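Okay, structure first, notes after.
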There are 2 protein chains.
Amino acid sequence: MTLPARPPQLYDYDTDGTSIYRKSFGMIRAEADLDRFAEPERTVAVRMIHAAGDTGLAEAIAFSPGLVEAARTALRAGAPIYTDATMIAAGITRRRLPADNDVLCTLRDPRVAQVALAWATTRSAAAVSLWDRLEGAVVAIGNAPTALFQLLEIVAAGGPRPAAVIGIPVGFVGSPESKQALADNPFGLEWLVVHGRRGGSALASSAINALAREQEI
Amino acid sequence: MTLPARPPQLYDYDTDGTSIYRKSFGMIRAEADLDRFAEPERTVAVRMIHAAGDTGLAEAIAFSPGLVEAARTALRAGAPIYTDATMIAAGITRRRLPADNDVLCTLRDPRVAQVALAWATTRSAAAVSLWDRLEGAVVAIGNAPTALFQLLEIVAAGGPRPAAVIGIPVGFVGSPESKQALADNPFGLEWLVVHGRRGGSALASSAINALAREQEI
């Protein structure tokens with residue numbers, strides 16, 4: 001196989017992936033205010049800040065006290081990961097997962113359109129109703145506030161209970177409220193949120209990537 | 001087919017996707033400082049701010065004067081879209097694309113590891129060397145600064161020239177510099193950047209989704 005020839009290097013930049021990660025995480029730990037986090041939470045927050053490119057995210061990140069342990073225990077035991085967006089699934093680094101865990105997104109299930117119509121809700125919320133291995137699963141919601149509200153309503157009605165909920169939908173309508181509802185949940189769910197409008201698929205997958213393995217890089 | 005029963009609605013939230021989009025975009029236009037953008041640029045900036053959940057992003061977004069027109073013309077003519085991350089490809093809404101455009105990511109090409117070794121660079125940068133339909137293409141880089149630097153070096157060496165470059169890698173090492181290099185490029189490339197550390201796959205795919213169709217929703 002003939003490889004293309006490398007063009008002359010015009011710019012001075014680091015080309016070692018591990019070195020880039022190490023420097024980046026060092027800069028984040030030096031700059032971000034991470035004091036209120038326990039160390040296992042800090043590694044999750046660092047990776048989320050890395051995905052956001054914004055140390056100011058630290059102030060909005062919040063964990064229930066048992067979140068890290070609950071998510072790690074579930075993942076090690078082989079729990080599936082449910083996501084509300086294919087982007088999150090694409091962003092999860094499979095080789096970091098401890099038990100070759102299934103990463104599932106039901107948004108393209110043919111039943112979604114029918115459920116959305118019957119329930120008068122969004123496709124994202126309807127997709128949550130099809131999470132048939134939800135009991136003990138790890139959930140990562142990074143797109144739709146309606147999906148997070150729907151999940152809470154399923155649990156409230158006595159439905160299956162996930163082991164951990166990464167609830168960080170992004171946006172202007174319903175997003176802050178949905179995350180506050182998760183953080184205030186009276187159902188005993190373990191949670192991780194980014195309060196306010198910020199959030200998104202990149203942050204959700206980075207949280208899963210951090211929880212999947214204790215080693216930072 | 002039996003549909004699941006809807007659990008009781010506990011929370012008060014909007015469940016109409018189009019209404020949520022419309023309200024969100026209205027809030028962004030009311031709050032964000034978009035005055036320095038031409039109207040076609042404004043619709044792109046609004047969608048990027050929506051993906052970030054942060055009206056403060058507006059100040060960091062910058063366009064070359066011909067970017068929107070160049071990207072739209074290329075997409076209508078059927079240009080492929082190259083991305084540096086599978087997350088971006090997953091985030092591009094295919095039904096918005098005007099010519100069923102190919103969305104291509106070469107990161108998992110089996111030649112990537114060899115090129116990365118031979119060129120002593122990252123896999124993301126090596127993957128750019130395999131963009132064999134780059135001439136006239138639309139590029140969306142949302143992850144790796146090294147990929148953006150590599151692209152500029154390919155063009156500088158007289159290689160193929162993309163029609164438009166969405167250059168918004170996220171991060172702490174090389175990211176601000178790579179975007180400044182794109183904005184300063186002396187090669188006549190049309191560009192869109194988010195200056196500073198912010199960026200990422202969600203912003204890159206939202207920019208493509210906005211450029212793909214003039215209608216905002």
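The values are calculated or read from the model by the stated rules, or taken from the named source; none is laboratory data. Predicted model, so just to flag it, every value in this text is computed and none were measured. Neighbour counts are summed over all protein chains in view; Cβ atoms, including those assigned to glycine, are modelled from backbone coordinates with ideal geometry. Note: accessible area is taken over every heavy atom of the protein model, side chains too, but ligands, DNA and RNA are not part of it. Shrake-Rupley method; radii C 1.70, N 1.55, O 1.52, S 1.80 Å.
Suppose you put the label 7 Å out from Cα in the Cβ direction; list, shortest first and in nm with one decimal, how far A:P186 is from each other copy's label.
6.8
³J(HN,Hα) across the stretch B:91-106 via Karplus (A = 6.51, B = -1.76, C = 1.60, θ = phi - 60°), whole Hz, x for Gly/Pro?
x, 7, 7, 4, 6, 7, 6, x, 9, 6, 4, 5, 10, 10, 9, 9
Report the local net charge at A:R111: Lys and Arg +1, Asp and Glu -1, summed over other residues whose C-beta lies under 12 Å from its C-beta. Can you show the working numbers first?
Details: positive: A:R108, A:R123; negative: A:D109, A:D132.
The answer is 0.
Where does the Debye-calculated log10 I(q)/I(0) of the stretch A:60-212 sit at q = 0.14 Å⁻¹, using only Cα point scatterers of equal weight, no solvent?
Log10 of I(q)/I(0), two decimals: -0.58.
Would you mind working out the magnitude of the charge dipole of the protein assembly as shown relative to its Cα centre, with +1 at each Lys and Arg C-beta and -1 at each Asp and Glu C-beta, to the nearest 20 Debye? Walk me through the numbers on the way to the answer.
Values: 42 positive and 46 negative charges, 179 e Å.
For this selection, approximately 860 debye.
In square angstrom and rounded to 100, what buried accessible area do you get between chains A and B, total over both, with the probe at 1.4 Å? All intermediate terms of the calculation are to be shown ahead of the outcome.
Values: alone 10920 and 10930 Å², together 16880 Å².
Buried area between the two chains comes out at roughly 5000 Å².
Accessible area per residue, 1.4 Å probe, Å², for chain B: what's the number? It would help to have the intermediate numbers written out before the result.
Working: 8450 Å² over 217 residues.
Accessible area per residue, chain B: 39 Å².
Near the axis that takes chain A to chain B, which A residue has its beta carbon closest, and at how many Å?
Residue plus distance in Å, as requested: A:A90, 2.
Under a cut-off of 21 Å between alpha-carbon atoms, report the lysines in cross-link reach of B:K179, not counting same-chain residues fewer than 8 places apart.
Output for B:K179: A:K23.
Need one number: convex hull volume per residue for the protein assembly as shown, Cα atoms only, in Å³.
Values: hull volume 60.4 nm³, N = 434.
So the per-residue Cα hull volume is 139 Å³.
Hey, what's the Cα Rg ratio for the stretch A:113-198 versus the globular rule of thumb, 2.2 N^0.38 Å?
Details: Rg = 11.9 Å, N = 86, 2.2 N^0.38 = 12.0 Å.
Normalised by 2.2 N^0.38 Å, the Cα Rg of the stretch A:113-198 equals 1.00.
For chain A, set up a GNM with springs between Cα atoms under 10 Å and report which of A:E69, A:E31, A:E135 has the largest fluctuation.
Greatest mean-square fluctuation among the candidates belongs to A:E31.
At what distance in nm do the modelled label points of B:T2 and A:E59 sit from each other, each positioned 7 Å from its Cα along Cα→Cβ?
Using points 7 Å along Cα→Cβ, the separation is 5.1 nm.
Per-residue HN-Hα couplings for the stretch B:33-47, Karplus 6.51 cos²θ - 1.76 cosθ + 1.60 at θ = phi - 60°, whole Hz, x for Gly and Pro?
8, 10, 4, 7, 9, 5, 4, x, 5, 4, 5, 6, 4, 4, 5
Note down the nm distance, to one decimal, between modelled labels 7 Å out along Cα→Cβ at A:H195 and at A:L117.
A separation of 4.2 nm, rounded to one decimal place.
Got a number for the accessible area of B:W191? Probe 1.4 Å, square angstrom, nearest 10.
Accessible area of B:W191: about 40 Å².
Residue by residue, what Karplus-based ³J(HN,Hα) values in Hz, rounded to whole numbers, does the stretch B:130-147 have, using 6.51, -1.76 and 1.60 with θ = phi - 60° and x for Gly and Pro?
Per residue, the Karplus-derived 3J(HN,Hα) values read 9, 7, 7, 10, 5, 4, x, 6, 9, 10, 10, 9, x, 10, 10, x, 4, 5 Hz.
With all protein chains present, how much of the accessible area of the protein assembly as shown (probe radius 1.4 Å) comes from carbon and sulfur, to the nearest whole percent?
On the way: 8460 of 16880 Å².
Percent of accessible area from carbon and sulfur atoms in the protein assembly as shown: 50.
Just which residues of the stretch B:32-77 lose 10 Å² or more accessible area with every protein chain there, against their chain alone, with the probe set to 1.4 Å?
B:H50, B:A51, B:A52, B:G53, B:D54, B:T55
Sort B:R22, A:R95 by heavy-atom solvent-accessible area, probe 1.4 angstrom, most to least.
Working: B:R22 150, A:R95 185 Å².
Of B:R22, A:R95, the descending order of accessible area is A:R95, B:R22.
Return the calculated 222 nm mean residue ellipticity for the protein assembly as shown, to the nearest 500 deg cm²/dmol, obtained by summing -39500 (n - 2.57) across DSSP H runs with n ≥ 4 and dividing by the residue count.
Numbers: 18 runs with 184 residues, N = 434.
Counting only the DSSP helices, I get -12500 deg cm²/dmol.
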